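> Take a look at this one; I'll ask things after.
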């Protein structure tokens, strides 16, 4: 069977001539080669992965590519957020060139958000732009980072500050590979699932909250359903606003606070991983909205209660070793990509599923809120 036949869900990202498919279902990886060949028409590829994924899934992908007649080379990188750096971007680009891959060949990202962002950025800049396929292996990557073409690396000044928009030609989301994820990583990815309900799909958040989340964690049909809904929500926004000049910024709900926290812990995954930062950030965004009088008091409590139920952190005090002073958090927020002409922009809310872009939020109000949060 082909990957298309194995897929239980299929989402299309409509971007004209650059439109592509997201295939979702179990056992897609063994059939990936033919799908990658059909989508890219490439003759060869570079697989970029990390040491953890190489142990579990690399051989399956290599076998599939060989069966489809695709030549390949493999680059195995260290695991963790610190791999999203200039050093490993250079290693990835040099691997592309050393293996004599041509502009019409493909970079295949086998991994979570770190590998996907890094490999996609390398594909964007190597030979002034190569083809690119996402094979996301974490829940977070399957519902968020693999879709939409955002690629990049981190800087000491902040997260994802160096990068490019470079759309993949195909996304293969094999939900079976999530069975090998550590529980903490799966929980972290779930924060991005909940985010789609909190942005503009209150009925989706209701469904998750009322028990569907248990089926997602257990690997039931709810998992494919939630991933498809999440990808569909993101695909619709990306189709309207590919390069984030308008409402694509809504996808950053919780990320302004979350990215600041990641920078402050120096991307130390033992203290905080991305999805945990997003969980804290989303609950903070809802509490900040309530403080500003934008939503009812029960709204942030409801968000925090659900995220806490699934095992996610919701407070600054949940960051091991602390999150820093209010002033330090504010300084990290100033480096956020959503800052425009020096003004702070946030994604705030009027209720569950009623998020909006708030521009020019006064710094003094942010600092007052942070002082309450740290206390």
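> Would you point out which residue out of 269, 293, 246, 258 is in contact with a helix residue (DSSP H, G or I) (Cβ under 9 Å, 6 or more places away or on another chain) and surrounded by fewer than 15 Cβ atoms within 10 Å (Cβ to Cβ)?
Details: 269 fails: surrounded by fewer than 15 Cβ atoms within 10 Å (Cβ to Cβ); 293 fails: in contact with a helix residue (DSSP H, G or I) (Cβ under 9 Å, 6 or more places away or on another chain); 258 fails: surrounded by fewer than 15 Cβ atoms within 10 Å (Cβ to Cβ).
Selected residue: 246, the only one of 269, 293, 246, 258 that is in contact with a helix residue (DSSP H, G or I) (Cβ under 9 Å, 6 or more places away or on another chain) and surrounded by fewer than 15 Cβ atoms within 10 Å (Cβ to Cβ).
> Which of the residues spanning region 10-36 are in a loop (DSSP other than H, G, I, E, B) and either without any contact (Cβ under 8 Å) to a residue 24 or more places away in the chain or exposed (fewer than 15 other Cβ atoms within 10 Å of the Cβ) (or both)? Full working, then the answer.
Here is the first cut: in region 10-36, the ones in a loop (DSSP other than H, G, I, E, B) are 14-15, 19, 26-28.
Within region 10-36, 14, 19 meet the criteria.
> Something else: Identify all residues within region 99-124 that are touching a strand residue (DSSP E or B) at 6+ places or on another chain (Cβ under 7 Å) and either in a helix (DSSP H, G or I) or free of Cβ contacts under 8 Å to residues at least 24 places away in the same chain (or both); write none if there are none.
Scanning region 99-124 gives 115, 116, 117, 118, 119, 120, 121, 122, 123, 124.
> Considering only region 238-272, state which residues are touching a residue at least 60 places away in the same chain (Cβ under 8 Å), part of a helix (DSSP H, G or I) and farther than 30 Å from residue 328 by Cβ.
Once the filter is applied, which keeps residues that are touching a residue at least 60 places away in the same chain (Cβ under 8 Å), part of a helix (DSSP H, G or I) and farther than 30 Å from residue 328 by Cβ, region 238-272 yields 238, 239, 247.
> Something else now. crowded, with 18+ Cβ neighbours inside 10 Å, at pLDDT 95 or above and not assigned by TED's automatic domain parsing to the domain that holds residue 237: does that describe residue 77?
It is true that residue 77 is crowded, with 18+ Cβ neighbours inside 10 Å, at pLDDT 95 or above and not assigned by TED's automatic domain parsing to the domain that holds residue 237.
> Tell me yes or no: at least one residue of region 37-46 is out of contact with any helix residue (DSSP H, G or I) (no Cβ under 6 Å at 6 or more places or on another chain), buried (at least 16 other Cβ atoms within 10 Å of the Cβ) and modelled with pLDDT of 95 or more.
Yes, because at least one residue in region 37-46 is out of contact with any helix residue (DSSP H, G or I) (no Cβ under 6 Å at 6 or more places or on another chain), buried (at least 16 other Cβ atoms within 10 Å of the Cβ) and modelled with pLDDT of 95 or more.
> When residues of region 47-56 are filtered for being surrounded by 21 or more Cβ atoms within 10 Å (Cβ to Cβ) and modelled with pLDDT under 95, how many remain? Walk me through it before giving the result.
First, the residues of region 47-56 that are surrounded by 21 or more Cβ atoms within 10 Å (Cβ to Cβ): 47-50, 53.
Those left that are additionally modelled with pLDDT under 95: 53.
Final tally of qualifying residues: 1.
> For region 47-77, how many residues are more than 24 Å from residue 13 (Cα to Cα) and outside any helix (DSSP H, G or I)?
Residues flagged as more than 24 Å from residue 13 (Cα to Cα) and outside any helix (DSSP H, G or I) within region 47-77 amount to 12.
The values are calculated or read from the model by the stated rules, or taken from the named source; none is laboratory data. For clarity, every value in this text was computed on a predicted model and none was experimentally measured. Using ideal geometry, Cβ is built from the backbone for each residue, glycine included, and neighbour counts are taken over all protein chains shown.
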